[in-house]
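The values are calculated or read from the model by the stated rules, or taken from the named source; none is laboratory data. Source: prediction; values computed, not measured. Counting neighbours? That spans all protein chains shown, and the Cβs are built from the backbone with ideal geometry, glycine included. SASA here: full protein model, heavy atoms, side chains in, ligands and nucleic acids out. Shrake-Rupley method; radii C 1.70, N 1.55, O 1.52, S 1.80 Å.
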Amino acid sequence: MNAHLLVLEVVVPLMAAPLCMLLPSKPAARMFSIAVAWITLYLAWSILGALGATEHGVIAYELGGFPPPFGIELRVDWANAYLLLLVSGIAAVVLMFGPGSAGAAVAEGRHAFFYTAVLLALAGLLGITVTGDAFNVFVFLEVSSLASYSLIGLGRGARAPMAAFSYLIMGTIGGTLFLLGVGLLYQMTGTLNMADLTTRLPDVLDTRTIVLALALLIVGVGIKLAVYPLHQWLPNAYSFAPSVVSAFLAATSTKVMYYVLVRIIFTIFGAAFVFETLHADYLLLPLSLIAMFGGSLAAIYQHDLKRLLAYSSVAQVGYMMLGLTLASATGLTAGLVHVFNHALMKGGLFLAVGCITAQVGSSAMGDLRGLGKRMPFTCAALVVGGLALIGVPSTVGFVSKWYLVQAALEQDLLSVAALILLSSLLAVVYVWRVVELCYFSEPDATQVEVTGRPPVREAPLGQLLPTWILIGSTIIFGLTTDLTVGTASKAAAQLMGVGP
Amino acid sequence: MDFPVEVILFLFLLATALTVALLEDLFAAAMMTGIFSLLSACLFTLMDAVDVAFTEAAVGAGVSTVLFLSTLALTAQREKQHPFTWFPLLLVILTGACLVTGTLDMPHYGDPKAPIHVHVAPEYIAGAERDFGIPNIVTNVLASYRGYDTFGETVVIFTASVGVMLLLGHRRRRPGPAHRPTITPEGAARMRDFAIVRVVSMGVIPLIVLFGLYVQFHGDFGPGGGFQAGVIIGAAVILYGLIFGLSTLQRVVPSPLLETGIALGVLLYGGTGVASLLMGGHYLDYAVFDSDDPKHGRHLGILLVEGGVGIAVTCAMILIFYSFAGRALAREAFDEGGGGQ
Amino acid sequence: MELALDVASWFCLTVGAALCVIGAIGTLRLPDLYTRTHAASITDTLGAGLVLLGCLLQAGTPLVAVKLVMIYAFMLYTGPAAGHALVKAAYARGVLAAGIPEEAQEGERPSESDLPEEP
């Protein structure tokens, strides 16, 4: 069992998906998928434990018993083990929330398909994370992408399928560029195995083909990661998708793509080539700074809570990219810590929005008026999540920004450090808008009468619980940073080649 | 020096692609994409990738053209006029220029010293005979060395059909004459009423299915395998549906049967891997199936996983066709073909 | 013998190719769908047939020869049926033939390019 942990982590959700489709009833499919997600979480936890017991912090698994580079190899070090824990954990919590508004969009008798799609998305993301083979990343990228497109298309209203379609087009372009990049790497080295690529690439690094391959891979992954200015699909996709889906994808999909980018740059090509020879930081650093400000500024002017959170995600991706671009152990630690932390807060916030849309029927900013009294727990979750987004001490946001500022100061980039703090002020503005509406505005009297809905009540416990698990952990991991910073710094050291 | 036929085909391909981009008549554009796929299939054949050519011809030229047409039956037939903008064109040209520049340092096409031919390929070629006894190296690599990828690809197809069913499947809210398609049912040809078409297709469909089965089970020796067989059989069934009407077809192969089939296909593939785990090997290590003769065990494993792929792909093709053709009035038009049941 | 075979196969290939070109010109130049289909059918039957016959003379092994014969048999079987279906469908939709007064033709006037699905 222990020897096969890596493959089980992917195969369990992958096999569970078709099984789930065959289940006869809605509750059965739901309980089944929750159970599967918790099993993957347990497996991920075991992998992390097993990794601690190894000498070099690497576990490898040969699929089909074929040694790499001939067969496909699964290879986990601290970076992927950390991501596995995050992705499976988020899935386990978010699935407990239930289908939310997606439930209404799925036709009667097809509810199992919703859970099948979620399991497929989960399996795809885990598959990307666990593999040590470049082409295998593409295969599982397809699985997770196709599942996410269909999940996003389930949102309310006619615009959801359109948002899913434009994400599909962008995502397919990204996937194709990624595939082209992998193809060029294969052409020049004759191998697809990442570890083998690392050893064989230095011989051909000075060719134009390899530079092109790197460019294609970065742009391809950049589209899926929503790096500024390739983020256009994200606001629509996240705001028209059902809230549960937004919570799941915002907390996992972009995070896994960030990991893929880190893997490409630091493991396959090497930071020295990317940042010292090609100076990719000249391009990526300004872009991440623009993302931090552009995303936050756009968030301030949104009229819909989900859209606001989506634009804030664009800004947060900027912070992660900044950590990567600094190309130091501290910077990478900051980036990876922020991956984890942002997943917790955005996941929790989108779930809170899910509670609101389930009760109020919309997530428009205007409908938040005076909601603090009627949905106290949900609104409190919004506030705590918002504080974490700003980076208030004792929340996870503070931890990420602390390391990010440190990384900037390490390289004497005072201006960058100042900009990080300045952009947090923008977060204060958009979070305050939400707080003000919830607690300091009276509901529009006419609106209540016109809609004729039953009076708004607090969300049911089944929805509040997962929301508060995520929001609560933004506080817990803000106070105890052993797991997040500890693992992330080990991963960063490994990626920078310093050794664990 | 003989003028390579690839060049001509590539020029045709380019011309077709430009035509598709420029055409405003979507019906014609859909037909052109079929031609595009056919040309690609020819190119793949010339590159000795017959397996890929099979799939491209059946899916690209066959099934996806049918899906395009089913969609066009629901939407407008002409493209909306958009003001011309320079930026996308510039972006495309720039990307193309980058790609061309990148290829300059690549090893020449067919160069025997290229890295792809000297690193892993020799082991694949030697291993096919030594460890597997399977003459078709391509099938062998796909099902064994990279069997996990192939499992992933099967799941991709499964995911696609789950997505299509989730989004299109059964949201039949307005089956009435709420929106008229541009292809009106009154004028629609009733393929079933044409004796010649009926008789010819009755003769051809069993042959296509037989050929599909040949491709499935002969995949170890000649070009073929589960994907190719699946799309060929799927295309044959879809052809039946086009001629005899969707409702007739749905009585022959009901949707729930296909849904179960596609899930079972994926489970068969994954289950083969789990079985090898339980028998003490690594995931998808078929050698453990027969401890006395690993070659025999591997044959068995490959047969099972290819079977899983074949079942899943066939069902997925037909299900996707159902979802598209079953929408609103397209269904009506198809049903008219079925003689008004 | 060898030479005779070569000459014969070259003859077949050239004539077959020429017929394909003629079919293509006809498809472009003829006035309406029905006559164009007629031109296209030349490529399908005689053009492809002669090219295949030319290849057959060069086949060498019986297996290849049998395959070529079967390809031709398949084309003879399906090609005309497809053409028939196309023309029937067009006729059912009221696509008019050129050169004949409209009143003399059955069916209603169709809009351009509104063809139904090809099987």
In Å², nearest 100, what accessible area do chains B and A bury in total when the solvent probe is 1.4 Å? 5000
For the stretch B:1-77, just run the numbers: alpha carbon Rg, then divide by 2.2 N^0.38 Å, N being how many residues it has. 1.21
Modelling each spin label as a point 7 Å along the Cα-to-Cβ direction, I'd like the residue A:414/residue B:49 distance in nm, to one decimal. 5.6
Looking at A:429, B:83, A:193, which one has the Cα that reaches farthest to the positive end of the dipole of the protein assembly as shown (charges on Cβ: Lys, Arg +1; Asp, Glu -1)? A:429
When only C-alpha pairs under 8 Å and at least 6 residues apart count, what is the relative contact order of chain B, in percent? 22
For residue B:6, what accessible surface area do you get with a 1.4 Å probe? Give it in Å², rounded to 10. 40
So residue A:461 and residue A:53, fully extended at 0.36 nm per residue minus their Cα-Cα distance, gain in nm 143.0 nm
Between the modelled labels at residue B:126 and residue A:362 (7 Å from Cα along Cα→Cβ) the distance in nm is 7.0
So, R0 is 35 Å and r is the distance between the beta-carbons of residue A:402 and residue B:116; what FRET efficiency does that work out to, to 0.05? 0.15
Lysines with Cα under 18 Å of residue A:224, excluding same-chain neighbours fewer than 8 positions away: A:255, A:346
At least 40 Å² of accessible area lost relative to the chain alone, listed for the stretch B:266-298 with a 1.4 Å probe: B:267, B:277, B:282, B:283
Other protein chain Cβ atoms within 10 Å, averaged over every residue that makes up A:58-71: 6
Hey, what angle do you get for helix B:26-46 against the long axis of chain B, alpha-carbon based, 0 to 90 degrees rounded to 10? 20
Determine the residues within the stretch B:131-152 where the difference in accessible area between the chain on its own and the full set of protein chains amounts to at least 30 Å²; count protein heavy atoms only and use a 1.4 Å probe. B:145, B:146, B:148, B:149, B:151, B:152
Would you mind getting the accessible area per residue of the protein assembly as shown, heavy atoms of the protein chains only, 1.4 Å probe, in Å²? 42
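More than 48 angstrom separation, counting every C-alpha pair in the protein assembly as shown; what % is that?
Here the long-distance tail beyond 48 Å is 28 percent of all Cα pairs in the protein assembly as shown.
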For residue B:295, give me every one of the lysines with a C-alpha distance below 29 angstrom, ignoring sequence neighbours fewer than eight places off in its own chain. none
Name the residues of the stretch A:112-132 whose accessible area falls by at least 30 Å² when all protein chains are present instead of the chain alone, probe 1.4 Å? A:113, A:120
Kirkwood-based Rg to Rh ratio, the stretch A:82-133, C-alpha trace: 1.07
Using label points projected 7 Å from each Cα along Cα→Cβ, tell me how many nm separate residue A:297 and residue B:100, to one decimal. 3.8
Along principal axes, largest first, the alpha-carbon spread of the stretch A:138-297 in whole Å comes out as 54, 33, 21
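Taking only DSSP H segments of four or more residues, each worth -39500 (n - 2.57), what value at 222 nm results for chain A once the sum is divided by all its residues, to the nearest 500 deg cm²/dmol?
-24500 deg cm²/dmol
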I need the fraction of alpha carbon pairs in chain B separated by more than 27 Å, rounded to a whole percent. 56
Of all accessible heavy-atom area on chain A, the percent that carbon and sulfur account for (1.4 Å): 68
Any chance you could give the angle, 0 to 90 degrees and rounded to 10, that helix B:226-244 forms with the longest Cα principal axis of chain B? 20
If I take all pairs of Cα atoms in the stretch C:2-104, what percentage of them are more than 17 Å from each other? 61
Using 0.36 nm per residue, how much length does the chain from residue A:373 to residue A:479 gain when fully extended, once their Cα-Cα distance is taken away? 35.3 nm
What is the percent carbon and sulfur in the accessible area of the stretch C:2-104, measuring with a 1.4 Å probe over the protein chains and ignoring ligands? 76
Given that compact globular proteins tend to follow 2.2 N^0.38 Å, what is the ratio of the alpha-carbon Rg of chain A to that value? 0.93
FRET efficiency for residue B:87 and residue C:1 from the Cβ-Cβ distance with R0 = 56 Å, rounded to 0.05, comes out at 0.25
